[in-house]
Amino acid sequence: MLIDGKEWRLVPVEPTDEMLDAAARASLKRLVECINDPAKADELGSEASVRKTHGSRYKSMLAAAPTPPAATAAPSDEELVKFAAEDEFLLFCDEDEFVQIARAVLERYGQGTSHE
């Protein structure tokens, strides 16, 4: 998903084994690059080198992150009315008003208006 022109991804709070393995491979790759290239070896430990290594690890971990489960579909109007009736929301408004309000809240929090 794009936000303010930057790509964002939903990832687990705790890294998976696959993500940690990808980070380790990225670190080893960077270390081998520094060993094989004397110019890069001189940079080893510098802030620029550390940033590059961490950036490589981060990108590798994101690439290895599992795909999040699909979001649940927005509830139907009938489901919203049933929910409203069970929790006595219809004491404050009629069914159509409640559905309108509920759809606005769902839209605001990313559930869209796609329902059956």
Check your understanding: Restricting to region 1-38, what's the tally of residues that are part of a loop (DSSP other than H, G, I, E, B) and either exposed (fewer than 15 other Cβ atoms within 10 Å of the Cβ) or without any contact (Cβ under 8 Å) to a residue 24 or more places away in the chain (or both)?
Key -> 11
**Study point:** Contacts under 7 angstrom Cβ, first residue in region 64-76 being farther than 16 Å from Asp17 by Cα, partner among the charged types (D, E, K, R) and surrounded by fewer than 12 Cβ atoms within 10 Å (Cβ to Cβ), 6 or more apart
**Key:** Ser76/Glu116
Exercise for review: Run down Ser76, Ser60 and say which single residue is outside the structural domain of Arg103 (by TED's automatic domain parsing), surrounded by 12 or more Cβ atoms within 10 Å (Cβ to Cβ) and at pLDDT 80 or above.
Suggested key: Ser60
Practice item. Would you be able to say whether some residue in region 59-69 is part of a loop (DSSP other than H, G, I, E, B) and either aromatic (Phe, Trp, Tyr) or more than 30 Å from Ala26 (Cβ to Cβ) (or both)? Key: no
Exercise for review: Inspect region 43-51 for any residue being in a helix (DSSP H, G or I), touching a helix residue (DSSP H, G or I) at 6+ places or on another chain (Cβ under 7 Å) and surrounded by 14 or more Cβ atoms within 10 Å (Cβ to Cβ) and give the result as yes or no.
Suggested key: yes
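The values are calculated or read from the model by the stated rules, or taken from the named source; none is laboratory data. As the structure is a prediction and not an experimental result, all values here were calculated from the model. Methodologically, a virtual Cβ is constructed for each residue, glycine included, from the backbone with ideal geometry; neighbour enumeration extends over all protein chains shown.
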